[in-house]
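The values are calculated or read from the model by the stated rules, or taken from the named source; none is laboratory data. All of these numbers come straight from a predicted model, not from anything done at the bench. Quick reminder, even Gly has a Cβ in these numbers, built from the backbone with ideal geometry, and neighbours come from all protein chains shown.
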Amino acid sequence: MKDILNCAIVGCGVIAPSHAAGYLKQPGVRLRWACDLIESKARTLAQKFGIERVTTDYRVALDDPELHAISICTDHASHAEIAVAALEAGKHVLCEKALAATTEGLDRMMAAGDRHPDLVFSGVFQHRFDRIYQYVRELIREGAFGTLLTANLKVLCRRTDAYYEADEWRGTWAREGGSVMINQAIHFVDILQWITGGVSALSAAFANLTHGASIETEDTAVAVLKLRNGALGSIAATSSSHLDWDPSFYLYGSQGSLELRNGKLLRVSFADSALTRRVETELAGRMDDARNEAGKDYYGPSHPTQIADFVAAIREGRPPFVPARAARVAVDLVLSIYRAHREGGWVTLPPA
Ligand SMILES: NC(=O)c1ccc[n+]([C@@H]2O[C@H](COP(=O)([O-])OP(=O)(O)OC[C@H]3O[C@@H](n4cnc5c(N)ncnc54)[C@H](O)[C@@H]3O)[C@@H](O)[C@H]2O)c1
């Protein structure tokens, strides 16, 4: 076990403080590098969190023999290059969602991870640490719903033209890789596929309904899903809503149903009324009112939990709770949604 774990944050924008704050909660972790193409952004993060060194070139940080691990907090299209370089330099990697913007990027990242099985390579999906979704996953796996019939996800959020225009990577196919599906909805697309056991095929359509020329990508998308467990599903997502952030799940089975909105229970009903009461009680105990201390409330409180897991995985020489290979599944699914729109018909997904 390393006494001191030296970490770097590459990309010092909106999400970087959630990583910095998470690392600083971990005993024996030192933030050694803040890196951003824009030096002033790296300096601001460094000052706020007491980070020792600043660079505009992530390769300078990777050349540091004292550096052990990096968090990648840059735009989607740059993740693959930085992650591969970091793994080849012998550094552990925690990469923000979406892991990559293309299948080719994902494949390069997986190959680099496979070449370095001794390194921890994890993808951020902090909501997998939310105890409410972990419990619903257990319920599905235990068969509490009987035959799962349908699993539906709705993600409503508001992203203005000003939001898309503020950073040049947003709203572009080349750098964001899409918009509402690959950036906002992907958190819950991942939860949907994770709790139900995966998606085997899908058909989809997307549109730009309210953002005009501020984006070239989609602000609204829908998909019809065939789940691996035989159930059917759907996803509807939009960044054109009047609501800031409103994700909801609707799970309907032959023996029970459950509706969640924004991480809170809307409705639960099982044929076995004792089970209904047990699930209500259990979910109430798992609804986390903790806030994200370093980012927006809707990021949820689980970045520190995921960072604690990443650090513990490094120290204990074990796989992380969200290995990069698991974090690619939702990206493959989202990229399949775009493909289904362009090609029409059904896209089949390989088993994870
Ligand atoms: N998990 C979450 O809840 C959550 C929330 C917000 C953003 N994110 C993800 O975090 C990532 C960053 O998003 P953001 O909103 O912080 O973006 P941002 O635009 O605010 O910040 C990205 C920063 O990366 C820098 N950068 C780009 N390429 C670089 C390079 N090669 N080397 C060094 N710096 C580079 C940019 O200059 C910019 O300052 C994205 O993958 C996004 O999807 C995750």
| said: Looking only at the stretch 58-77, count every residue that is small (Gly, Ala, Ser) and outside any helix (DSSP H, G or I) and tell me the total. | reply: 2
| task | For residues that are out of contact with any Cys (no Cβ under 9 Å at 6 or more places or on another chain) and closer than 22 Å to residue 128 by Cβ, scanning just the stretch 104-113, find the one that is surrounded by the fewest Cβ atoms within 10 Å (Cβ to Cβ). | result | 110
| said: Can you tell me which condition residue 140 does not meet? The list is (1) in the same structural domain as residue 281 (by TED's automatic domain parsing); (2) assigned to a helix (DSSP H, G or I); (3) buried (at least 17 other Cβ atoms within 10 Å of the Cβ); (4) within 12 Å of the ligand (Cβ to nearest atom), and all the others hold. | reply: (4)
| request: Evaluate the stretch 34-43: report whether one residue or more is of a type in the set (A, V, I, L, M, F, W, C), assigned by TED's automatic domain parsing to the domain that holds residue 312, surrounded by fewer than 19 Cβ atoms within 10 Å (Cβ to Cβ) and farther than 15 Å from residue 122 by Cα. | output: yes
| Only one of (1) farther than 20 Å from residue 264 by Cβ; (2) away from the ligand (no atom under 15 Å from the Cβ) fails for residue 241. Which number is that? | (1)
| remark: Scanning the stretch 247-284 for residues that are exposed (fewer than 15 other Cβ atoms within 10 Å of the Cβ) and among the hydrophobic types (A, V, I, L, M, F, W, C), the one farthest from residue 130 (Cα to Cα) turns out to be 271
| query | Among the residues of the stretch 250-301, which ones are modelled with pLDDT of 85 or more and either within 16 Å of the ligand (Cβ to nearest atom) or assigned to a loop (DSSP other than H, G, I, E, B) (or both)? | reply | 254, 255, 262, 263, 271, 272
| Restricting the stretch 1-58 to residues that are among the basic types (Lys, Arg) and under 22 Å from residue 309 (Cβ atoms), the residue that is farthest from the ligand (Cβ to nearest atom) | 2
